[in-house]
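None of the figures in this text is laboratory data; all of them are computed from the coordinates on show. Since we're looking at a predicted model, the values are computed, not measured. In this analysis, Cβ positions are derived from the backbone assuming ideal geometry, glycine residues included, and neighbour counts consider all displayed protein chains.
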Amino acid sequence: MPYTAYGQPGAGPYGQPPRRSTNGLAIGSLVSGIVCCLPPLGLILGLVALPQIKKKDQTGKGLAIAGIVLSALSCLLLVVGLATGGFGAALDGFKKGMDEAAAARSTFELRTGQCFSGDGKLDDYTTDVTVVDCARPHDGEVSGDFKVTGFDKWPGDDALDDLAGERCETVNGEYAMDTWGVPDGVWTFYYLPSRESWRAGDRMVTCVFASEKKKFSGSVRSDKTTLTAEQRFFLTVVNPIEAAVYEEPEDDPDEDFASNKEWAGELLKAIDEARSALGEHHWPGDSAAPVAALVKQLDTASKRWGALAAAADADAYWEKYDAAWDALPENLGAQARTALGLTGTPPAGEGGQA
């Protein structure tokens with residue numbers, strides 16, 4: 001028997017007759033029928049609710065009937081869906097949507113080795129990006145990150161940009177040692193803390209390989225986790241030559257002879273260290289002969305670049321310049337790279353990691 005607000009049985013507030021209660025099972029039946037989660041449950045609840053409503057003089061008959069009808073329709077749709085495969089397709093679509101939603105995150109939450117895509121330009125990928133399988137076309141691949149230190153206050157965008165440019169080149173070089181495996185048009189990129197995020201304690205710079213012109217497929221990762229000891233050794237001693245080549249001064253020897261002479265000396269040093277290390281190392285199987293051939297080419301290159309680095313003036317430098325370039329192996333050991341299981345063809349343009 002219902003109780004009034006004053007705790008007295010039999011009479012409602014202000015002496016009115018007690019209100020009839022609504023059957024809870026009827027409500028549950030309607031809800032189950034509407035949401036279509038467990039249609040058999042809604043059907044059962046509705047059928048049980050009808051005699052209870054009559055026996056207890058409750059309200060909710062319409063709710064129970066509506067729940068029974070909706071649940072019956074849901075059951076029918078479920079049977080049809082299972083028979084035709086439509087239910088499974090819908091479930092797969094729902095799962096895919098959930099996976100994509102779970103993959104969306106801020107660039108500052110990305111982790112090393114993850115590939116991602118976004119809807120805007122790279123500069124706009126500061127909020128939401130979608131993590132994807134690296135085998136699929138994507139805009140960028142995270143190579144690592146580092147924490148900014150040494151600043152007591154916000155250093156400014158320019159200072160952070162200079163720091164990130166230098167540090168991310170190193171991070172990317174360690175992440176993709178097989179530089180020829182980096183597709184044309186893929187460059188070093190990075191995401192910096194903003195002034196606002198800095199105030200909140202953000203000090204992390206995220207380094208990536210990225211392309212603004214077109215998406216690329218496949219991971220560019222070739223580091224100690226993916227390379228063999230022989231592959232790492234070869235790249236460790238040969239990559240400095242490639243890196244030194246890209247450091248040639250913009251001003252020619254007539255304008256800045258000292259810088260060009262210094263650069264020639266740095267490239268000579270890289271050549272000498274590589275030919276010495278390659279010659280002293282034991283190379284297994286099919287890699288021995290092509291590596292030995294590369295060493296001979298580097299011996300000749302060492303002599304020519306030595307002469308260039310020893311030039312007394314700009315005129316003498318120009319006289320030795322072409323001969324030095326002609327002696328430097330253009331492909332830096334393509335056959336040796338192939339024999340070692342590395343990328344044997346350089347990128348078509350200058351988009352690879354230098």
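What is the fewest-to-most order of 257, 234, 216 by other Cβ atoms lying within 10 Å of their Cβ? Walk me through the numbers on the way to the answer.
Numbers: 257 19, 234 28, 216 23.
Sorted ascending by nearby Cβ count, the order is 257, 216, 234.
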Burial ordering of 175, 317, fewest other beta-carbon atoms within 10 Å first
317, 175
List the residues, sorted by chain then number, that are 5 or more residues from residue 190 or on another chain and whose placed amide H is less than 5 Å from its amide H.
208
Can you compute 3J(HN,Hα) from phi for each residue in the range 160-167, using the Karplus curve 6.51 cos²θ - 1.76 cosθ + 1.60 with θ = phi - 60°, rounded to whole Hz and x for Gly and Pro?
5, 5, 5, 5, 5, x, 6, 5
Return the distance in nm (one decimal) between the two label points of a simple spin-label model at residue 246 and residue 215, each offset 7 Å from Cα along Cα→Cβ.
2.6
Taking only Cα atoms of the range 229-339, what ratio of Rg to Rh do you get with Rh as the Kirkwood inverse-distance radius?
1.02
Treating each Cα of the range 184-247 as an identical point scatterer and ignoring solvent, apply the Debye formula and state log10 I(q)/I(0) at q = 0.11, 0.15, 0.26 Å⁻¹.
-0.46, -0.77, -1.09
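Order by neighbour count: 236, 343, 225, fewest other Cβ atoms within 10 Å first, most last. Intermediate results must be reported in sequence, preceding the final value.
Details: 236 13, 343 16, 225 9.
Arranged by neighbour count, lowest to highest, 236, 343, 225 become 225, 236, 343.
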Step through the residues of the range 192-207 one at a time and calculate ³J(HN,Hα) from phi using the Karplus curve (6.51 cos²θ - 1.76 cosθ + 1.60, θ = phi - 60°), rounding each to whole Hz and writing x for Gly and Pro.
9, x, 8, 4, 5, 5, 4, 4, 8, x, 6, 10, 9, 10, 9, 9
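Looking at this model, which pairs from 224/269; 147/261; 215/261 are more than 29 angstrom apart at the alpha-carbon? Walk me through the numbers before you get to the answer.
Values: 224/269 25 Å; 147/261 36 Å; 215/261 40 Å.
From 224/269; 147/261; 215/261, over 29 Å: 147/261; 215/261.
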Evaluated at 4 °C and 1.567 mPa s, the Stokes-Einstein D of the range 160-317 based on the Kirkwood radius over Cα pairs, in µm²/s, stands at 70
For the range 276-287, Karplus-derived ³J(HN,Hα) couplings (6.51, -1.76, 1.60; θ = phi - 60°; whole Hz; x for glycine and proline) come out as 5, 5, 5, x, 8, 7, 8, 10, x, x, 5, 7
